[in-house]
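*Asks:* A single structure is presented below for examination.
The values are calculated or read from the model by the stated rules, or taken from the named source; none is laboratory data. No experiment lies behind these values; they were computed from the predicted model shown. Backbone-built Cβ (ideal geometry, glycine too); neighbour counts: all protein chains shown. In case anyone asks, the SASA skips ligands and DNA or RNA and just uses the protein heavy atoms, side chains included. Shrake-Rupley method; radii C 1.70, N 1.55, O 1.52, S 1.80 Å.
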Amino acid sequence: MFPTVREVLALDPVRHGAPRLVAGEAGLDRPVRWVHVAEVPDIATLLRGGELVLTTGIGLPADDDGLRVFIGALADVGVSGLVVELGRRYVSGVPRVMAAAAERRGLPLVELRRATPFVRVTEAVHALIVDAQLTELRATEEIHQRFTELSVEGAGPAEVVRQAAELSGCPVVLENLSRQVLAYDPAGESAALLLDGWEQHSRRISPAGRTAYDQDSGWLVTTVGARGQDWGRLLLRWPAGSELTTPAPVRDGVPDPEAGRIGPGAPPTRLTILVERAASALALGRLIRRDAEGLERQIHRTLLTALLDHSRPVDEVALRARALGVALERRHLVGVVVRYRADEPAAEVGSPGESGPVDPEAGPARLRDLSEAVGQALREAKLTGLSSAIDDQAVGVLLALPDAAAEERALAAFAAALRRNRMDAAPPRPPDAVPARPGVPASGVGSARPGGVTGPAAQAWPGVPPQARTAGPAAVIVAAGSGVGSLREARRSLVEARQVADAARRDRRDLPIFRLPHVGLAGLLHLLRDEPRLQTFVERELGALLAYDARHPREQLLGTLRAYLEQGRNKSAGAAAAHLSRPAFYERLARIARILDVDLDSVEACLSLHVALLALDAVRTP
């Protein structure tokens, strides 16, 4: 950034004056924002901070108190240093009282023992400053250009974060409102150390303002969101003092708000611009991906997707569906969603016992197989309706039935037919096969048909005969929404089916059909775990307690609250569940009540806290 006092003293015009540091050596690394020549004692009122003051001393006070006030005023306003040319007012050296005052305030005080044209000093320093400003301008321009390109290209969060880390040379983390890491780049540092205990660490980072620097933690933070909907924070680690920065000017012991700079040790302006532009690219990218997905469905997907997206009038959908031989008018309509429990294919390229990269074609291939299996099940069950892949993991169906009485029978027939054709039967793992990755069911991505598993799943266990690849735990979920009587209500049934399917991923039961009563509150909260409003609710209800636990990791009052609520507000049972004595348990409950400012004897307050705890569990569970 700007040249420092130390660098200014090394310039030829200054060295010509035989400079000698008298006091304030600790401040030699202060940046010099400007050079100002002054011969009046009240010059501090005209300065803004960061200036290097040059003087011959002819106008300085003659008394000791006046010199102390002069030095104090310069230090308060935040000047970088004071250079005094000897020979006119001071011959052998500056007064001791001036040197003592400068040392006490940490203000660099330099004597020039030879006559020096001040104009040469100002020219040399200002040339460095202009060069620094041009460098800053070029860096800022590169930042704008880089993130504009990322926005136009629709880059994902990981790429935006990577570019921010590359441009800044600092670790960058993107988190959601629940302090969960969505993307990060350690910038060459240890990722394990960066993310260790992240949630507790993040809760201690609370700078004021939408974009601000938390000097205690060394993180520059900006909020990420658009259209009034904030959904995360972008953090860039900048330890104070890691680079020379401009000190904030102070007047009467208070930072000058008119100076427009962040406090001492703050990152340079270009990094503030960088995190804000990165946050804008992230927010815009989220909007673009959402809109692009809707457009993609409108153009490339079927009428079923048009119903979900409202991209076509209902009458047009009915007309075009009738032309395809699917009558949707005057029918009982039921939305069905078939999806995988796991988001990623479990099959890996390579032979058993060998690890290898996940086949990039496995995901689309298994989705095509799932669509084929669903279509085949509709034909076998002699059902009519629209069928389409509605995202990267699920296939949606809109069944058109003659009346409501046929709903249960039709769904049972469809589920039975799909079970005969579906791909949720994984082959047993041979003794020498590689176990499935943690959290990913050991399921195949091919079709389990009478002839055995086909597709990539069959290739994952070469040498295993098809008849040995028998069914295992279900890897496919079939969910149905409530039946509706008109096409205008069909979207509600489809959305309900999708929600039930997503929530049922946490349910390990192998039900033929999942319906809304099977989901429950925990499933509903799991479904809404990425919703910023739910995360905001959790922060509002439990944020103070989570922050307290982050500062006092040995106490963990959240566990005490959980034990109390899970035992139906029975304090004795809660103390036993928490393995605490009753007096200790009661004291913790009282402390929780004070921290959260709630009445733990209130049923309504405890209900809200219990829902927040369930929501927190849902947010923390992938």
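*Asks:* Cα atoms only, the range 474-554: Rg and Dmax in Å?
*Replies:* Rg, Dmax (Cα atoms, Å): 17.1, 58.
*Asks:* Binning every alpha carbon pair distance of the range 19-146 at 10 Å from zero, what are the percents per bin?
*Replies:* Result, from short to long distances: 13, 43, 29, 10, 5, 1 percent.
*Asks:* Related question: Using only the alpha carbons, work out the radius of gyration and Dmax of the range 1-91 in angstrom.
*Replies:* 12.7, 38
*Asks:* Tell me, what is a quarter of the convex hull surface for the C-alpha atoms of the range 27-68, in nm² with one decimal?
*Replies:* With every direction weighted equally, the projected area is 3.4 nm².
*Asks:* Using amide H atoms built 1.01 Å from N in the peptide plane, name the residues 5+ places from LEU107, or on other chains, whose amide H lies under 5 Å from its own.
*Replies:* Residues meeting the amide H criterion: none.
*Asks:* DSSP loop (so not H, G, I, E, B), at most 13 other Cβ within 10 Å: list which trypsin sites (Lys or Arg not before Pro) in the range 519-622 pass both filters.
*Replies:* ARG554
*Asks:* Of the listed peptides 478-491, 269-282, 191-204, 144-157, what is their order by residue-averaged count of other C-beta atoms within 10 Å, with the highest listed first?
*Replies:* Output ranking for 478-491, 269-282, 191-204, 144-157: 269-282, 478-491, 144-157, 191-204.
*Asks:* Quick check for you: with a 1.4 Å probe and neighbouring chains kept, what is the accessible area per residue of the range 498-552, in Å²?
*Replies:* Per-residue accessible area for the range 498-552 comes out at 50 Å².
*Asks:* What does the highest-first list of 229-235, 183-189, 516-522 look like by mean Cβ count within 10 Å?
*Replies:* Top of the packing list down: 229-235, 183-189, 516-522.
*Asks:* HN-Hα J couplings of the range 142-148 from phi, Karplus 6.51/-1.76/1.60, θ = phi - 60°, integer Hz, Gly and Pro as x?
*Replies:* Going residue by residue, I get 5, 4, 4, 5, 4, 6, 5 Hz, with x marking Gly and Pro.
*Asks:* When you count, for each residue, the other Cβ atoms within 10 Å and take the mean per peptide, how do 162-168, 407-413, 541-547 rank with the highest first?
*Replies:* Ranking the peptides 162-168, 407-413, 541-547 by packing returns 162-168, 541-547, 407-413.
*Asks:* Which value, in debye to the nearest 20, gives the size of the charge dipole of the range 188-234 about its Cα centre, when Lys and Arg are +1 and Asp and Glu are -1 at the Cβ?
*Replies:* Result for the range 188-234 is approximately 260 debye, rounded to the nearest 20.
*Asks:* Moving on. Along the Cα→Cβ direction, 7 angstrom out, place labels at ARG591 and LEU558. What is the inter-label distance in nm?
*Replies:* For ARG591 paired with LEU558, the spin-label model returns 1.6 nm.
*Asks:* Based on the alpha carbon coordinates of the range 536-591, what radius of gyration and maximum Cα-Cα distance (Dmax) apply, in Å?
*Replies:* Rg, Dmax (Cα atoms, Å): 11.4, 34.
*Asks:* Something else about it: Roughly how many Å² of ARG322 are accessible to a 1.4 Å probe, to the nearest 10?
*Replies:* Result for ARG322: roughly 120 Å² accessible.
*Asks:* Counting Lys +1, Arg +1, Asp -1, Glu -1, what net charge surrounds LEU28 among other residues with beta carbon under 11 Å of its beta carbon?
*Replies:* Spelling it out: positives minus negatives among the neighbours equals -1.
*Asks:* Which value results when the Cα radius of gyration for the range 495-605 is divided by 2.2 N^0.38 Å?
*Replies:* So the Cα radius of gyration is 1.31 times the expected 2.2 N^0.38 Å.
*Asks:* Let me ask something else. Ratio of Rg to Rh for the range 153-218, alpha carbon only, Kirkwood?
*Replies:* Radius of gyration relative to Kirkwood radius: 0.96.
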